[in-house]
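Inspection log for the structure reproduced underneath, given as C-alpha cells.
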Amino acid sequence: MDNGGEVETPPEREFDQSTAWSRMEEAVAEAIDGVPDFPGFEERRLLELACTHNGAVDEEYTKLELTYVFSAEDSETNLVREEYVELLRSRWVEAGYDVHRDESYGKDPIFHEVEATRPDGINYWLVAANYVSLKVQSGCVKKASSDECPPPLGNVPPDNDLAGRQNCARNYDEPAEETK
C-alpha cells in the first residue's frame, strides 16, 4: 500500500504491551544470571513512554523502559562499575546482539554506556555514571491491556520498588508475608 512516503508504524514484534514487562524482566534475569558476587539492586522503576511517528504521537503504540539501579556504595565498586560492564558487553557480543553504543568518557570515575539490542527488539542499556543502572527497553509495541506485575529481581526492597508501587494492585504499605 502506498502511504505517500509517510513512515510506517513500528515493526511488528513477537509481543505487545500485555507481555512486555515480563519479557523485560526475563531480559534482566538473563543479564544478571551468573554474574560474580552479585550485590543485588537498590531500586526498580518502570516508565511508559509515547511512540511518535512523523512528529505525532501514535496512540496505537507505547514503549516501556524498566530500570534497575545499584546502590551508591555498590556503584562505586570496581566489580559493578568496571567488571560488570566488561562482562555484559562480552556476553552481548558473544550472543550476537547488536551492540550499537559502547562509550567511555570522563575520569575518576570513568563513565560507561553500553547498549545492545536482541533479535526480539528488546534493548539493553547499561549505564555506569554516578550510579550504575541497567535499563531494558521494549521499543514501540502495540498497546494492549495488561495485569502484569512481575516481582522485582535482585532483592529490591519493597519501598524502592517504584515500578510495583505505581503499577501493581498489591498494597506495599502492609508488611509482606514471610516466605519460607
Original post:
Which one is nearest to E12 (Cα to Cα), of the residues in the range 127-140 that are open to solvent by 30 Å² or more (accessible area, probe 1.4 Å) and not in a strand (DSSP E or B)?
Top reply: Y131
Subject >> Search result, residues across the range 114-126 that are open to solvent by less than 20 Å² (accessible area, probe 1.4 Å) and either under 21 Å from T77 (Cβ atoms) or outside any strand (DSSP E or B) (or both) >> reply: V114, G121, I122, Y124, L126
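Of all residues in the range 89-145, count the ones that are among the charged types (D, E, K, R) and at positive phi. Don't jump to the end; show me each part of the working.
Keep residues of the range 89-145 that are among the charged types (D, E, K, R), which gives 89, 91, 94, 98, 101-103, 107-108, 113, 115, 118, 120, 135, 142-143.
Narrowing the set further to residues that are at positive phi leaves 108.
Adding up the residues that qualify gives 1.
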Original post:
So, of the residues in the range 24-43 that are without any contact (Cβ under 8 Å) to a residue 60 or more places away in the chain and in a helix (DSSP H, G or I), which turns out to be least open to solvent (accessible area, probe 1.4 Å)?
Top reply: E30
Subject >> Residues satisfying the stated conditions in the range 121-148, i.e. closer than 20 Å to Y61 by Cα and among the hydrophobic types (A, V, I, L, M, F, W, C) >> reply: I122, V136, C140, V141, A144
Original post:
Here are some residues: E148, E60. Which one is acidic (D, E), within 25 Å of Q17 (Cβ to Cβ) and in contact with a strand residue (DSSP E or B) (Cβ under 8 Å, 6 or more places away or on another chain)?
Top reply: E60
Original post:
Which of (1) out of contact with any helix residue (DSSP H, G or I) (no Cβ under 7 Å at 6 or more places or on another chain); (2) open to solvent by 60 Å² or more (accessible area, probe 1.4 Å); (3) free of Cβ contacts under 8 Å to residues at least 60 places away in the same chain is the odd one out, the single condition A72 does not satisfy?
Top reply: (2)
Original post:
In the range 56-63, is there at least one residue being acidic (D, E), open to solvent by 60 Å² or more (accessible area, probe 1.4 Å) and at pLDDT below 95?
Top reply: yes
Subject >> Residue in the range 88-105 that is open to solvent by 70 Å² or more (accessible area, probe 1.4 Å), closer than 10 Å to V132 by Cα and not aromatic (F, W, Y) present >> reply: no
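The values are calculated or read from the model by the stated rules, or taken from the named source; none is laboratory data. The model shown is predicted, which means the values in this text are computed figures rather than measured ones. Here the Cβ is made from the backbone with ideal geometry for all residues, glycine too, and neighbour counts use every protein chain on show. Ligands, DNA and RNA are excluded from the accessible area calculation, which covers all protein heavy atoms including side chains. Shrake-Rupley method; radii C 1.70, N 1.55, O 1.52, S 1.80 Å.
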